[in-house]
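J.: The structure under discussion is supplied below as C-alpha cells; questions concerning it will follow.
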Amino acid sequence: GAVVSQHPSWVICKSGTSVKIECRSLDFQATTMFWYRQFPKQSLMLMATSNEGSKATYEQGVEKDKFLINHASLTLSTLTVTSAHPEDSSFYICSAPLQGFYYEQYFGPGTRLTVT
Amino acid sequence: QKEVEQDPGPLSVPEGAIVSLNCTYSNSAFQYFMWYRQYSRKGPELLMYTYSSGNKEDGRFTAQVDKSSKYISLFIRDSQPSDSATYLCAMSEDYGQNFVFGPGTRLSVLP
C-alpha cells in the first residue's frame, strides 16, 4: 500500500518558537494533502487542505498565519506552527489520497508536538 | 448536535466475539462512508469504504450503511486481540472532499 511519512515523530519546543512538520508521500504523488490535529481521546479535526502549487485551504477557525502550509512538490507538504504556545500542543497528522481514489486516504504516523 | 456521533467506549470484548461499532450522522448529503482503525500513537488506516447504502464485506469485517436512518455500522467477526484499537468512522458529501470524522470508539479484545 501507499506510504506516507512524517517528520519529526515527536518534538518539544519552547513557547514562542516555530516548528516545522514534514509530510511526505513515499511511493506515490499527492497533489492534495490534508492536515489534521487530534487532541487526546478526541477525533481528527481537519485543519487545512494542502494543494501542490497553490495556496492551502483552511477550515473555519484555523489561523492561516499561525499554521503555515507549503506544498512545494508532489511528494512533500510542510506545516509550520509559528509562535507556538502550549495550547498548540497536540498530535498533528497528515494524509494524502491516491489520485483518482480520494476516499482512500493514507495517513502519516503523526507528529506529537509539546510546547513548554 | 454533533455532525457525526459514535459510541465513545471503551468497549471490551473477549477474543472471538462479534463486535458491532456504530455511527449516526445528521447530514443527509453524506454519500461516502469510511471506517478507519487507529492504533495508539499512530495514524489511522483505512479499513472499509462504502458508497451510499448497502453492505460490504472484507474478510472478518462487514460495513453497513443505512442512509434512511443515517446510521452506519462496522461488524468484526471472530475478534482478535490485534483488533484492539480505536475505530473511527468518517464520511463526506463529495468524492474526496471534506471528510468528517466521528470521535472514535476504543475497542479492547481480551485474550
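J.: How many of the residues in the stretch B:77-89 are more than 8 Å from chain A (Cβ to nearest Cβ) and in a strand (DSSP E or B)? Don't jump to the end; show me each part of the working.
T.: As a first pass, look at the stretch B:77-89 and keep what is more than 8 Å from chain A (Cβ to nearest Cβ): B:77-87, B:89.
Cutting the leftovers down to in a strand (DSSP E or B) gives us B:85-87, B:89.
Selection size over the stretch B:77-89: 4.
J.: Name the one entry in B:74, B:21 that is part of a strand (DSSP E or B), aliphatic (A, V, I, L, M), away from every other protein chain (no Cβ under 14 Å) and touching a strand residue (DSSP E or B) at 6+ places or on another chain (Cβ under 7 Å).
T.: Values: B:21 fails: away from every other protein chain (no Cβ under 14 Å).
None of the others qualify; the one that does is B:74.
J.: Moving to a separate point now. Look at residue A:54 and say whether it is farther than 23 Å from residue B:39 by Cβ, away from chain B (no Cβ under 11 Å) and crowded, with 19+ Cβ neighbours inside 10 Å. I'd like the intermediate steps shown before the answer.
T.: On the way: farther than 23 Å from residue B:39 by Cβ: yes; away from chain B (no Cβ under 11 Å): yes; crowded, with 19+ Cβ neighbours inside 10 Å: no.
When the stated conditions are applied, residue A:54 does not pass them.
J.: Any idea how many residues of the stretch B:24-50 are over 30 Å from residue A:112 (Cβ atoms) and either free of Cβ contacts under 8 Å to residues at least 60 places away in the same chain or part of a strand (DSSP E or B) (or both)? Walk me through it before giving the result.
T.: First, the residues of the stretch B:24-50 that are over 30 Å from residue A:112 (Cβ atoms): B:24, B:26-31, B:50.
Next, from what is left, pick out any that are either free of Cβ contacts under 8 Å to residues at least 60 places away in the same chain or part of a strand (DSSP E or B) (or both): B:24, B:26, B:28, B:50.
Result for the stretch B:24-50: 4.
J.: Across the stretch B:51-71, what is the number of residues that are loosely packed, with under 15 Cβ neighbours inside 10 Å, part of a loop (DSSP other than H, G, I, E, B) and of a type in the set (D, E, K, R)?
T.: 1
J.: Still on this model: Pick out the one residue from A:49, A:31 that is farther than 27 Å from residue B:6 by Cα and among the β-branched types (Val, Ile, Thr).
T.: Numbers: A:49 fails: farther than 27 Å from residue B:6 by Cα.
Exactly one residue qualifies, and that residue is A:31.
J.: Yes or no: residue A:54 of a type outside the set (D, E, K, R) and over 12 Å from residue A:35 (Cβ atoms)? Outline the logic, then answer.
T.: Details: of a type outside the set (D, E, K, R): yes; over 12 Å from residue A:35 (Cβ atoms): yes.
The answer is yes for residue A:54.
J.: So which of A:68, A:46 is farther than 15 Å from residue A:21 by Cα, of a type in the set (A, V, I, L, M, F, W, C), out of contact with any Gly (no Cβ under 9 Å at 6 or more places or on another chain) and outside any loop (DSSP other than H, G, I, E, B)? Give the derivation first.
T.: Numbers: A:68 fails: farther than 15 Å from residue A:21 by Cα.
Only one candidate qualifies: A:46.
J.: Could you look through the stretch A:24-43, keep only residues that are touching a Leu at 6+ places or on another chain (Cβ under 7 Å) and surrounded by 16 or more Cβ atoms within 10 Å (Cβ to Cβ), and pick out the one that is nearest to the other protein chains (Cβ to nearest Cβ)?
T.: Initial filter on the stretch A:24-43 (touching a Leu at 6+ places or on another chain (Cβ under 7 Å)): A:24, A:28-31, A:34-36, A:38, A:43.
This time we only want the ones that are surrounded by 16 or more Cβ atoms within 10 Å (Cβ to Cβ), so: A:24, A:28, A:30, A:34-36, A:38, A:43.
Numbers: A:24: 13, A:28: 14, A:30: 12, A:34: 8, A:35: 12, A:36: 8, A:38: 9, A:43: 4 Å.
Out of the qualifying residues, it is A:43.
J.: Does residue B:62 count as of a type in the set (Val, Ile, Thr), away from every other protein chain (no Cβ under 14 Å) and without any contact (Cβ under 8 Å) to a residue 24 or more places away in the chain? Give the derivation first.
T.: Working: of a type in the set (Val, Ile, Thr): yes; away from every other protein chain (no Cβ under 14 Å): yes; without any contact (Cβ under 8 Å) to a residue 24 or more places away in the chain: yes.
When the stated conditions are applied, residue B:62 passes them.
Read the figures in this text as sums done on the coordinates, not as results from a lab. Predicted model only: the values in this text are computed from it and were never measured. As a convention, Cβ positions derive from the backbone with ideal geometry for all residues, glycine included, and neighbour counts pool all protein chains shown.
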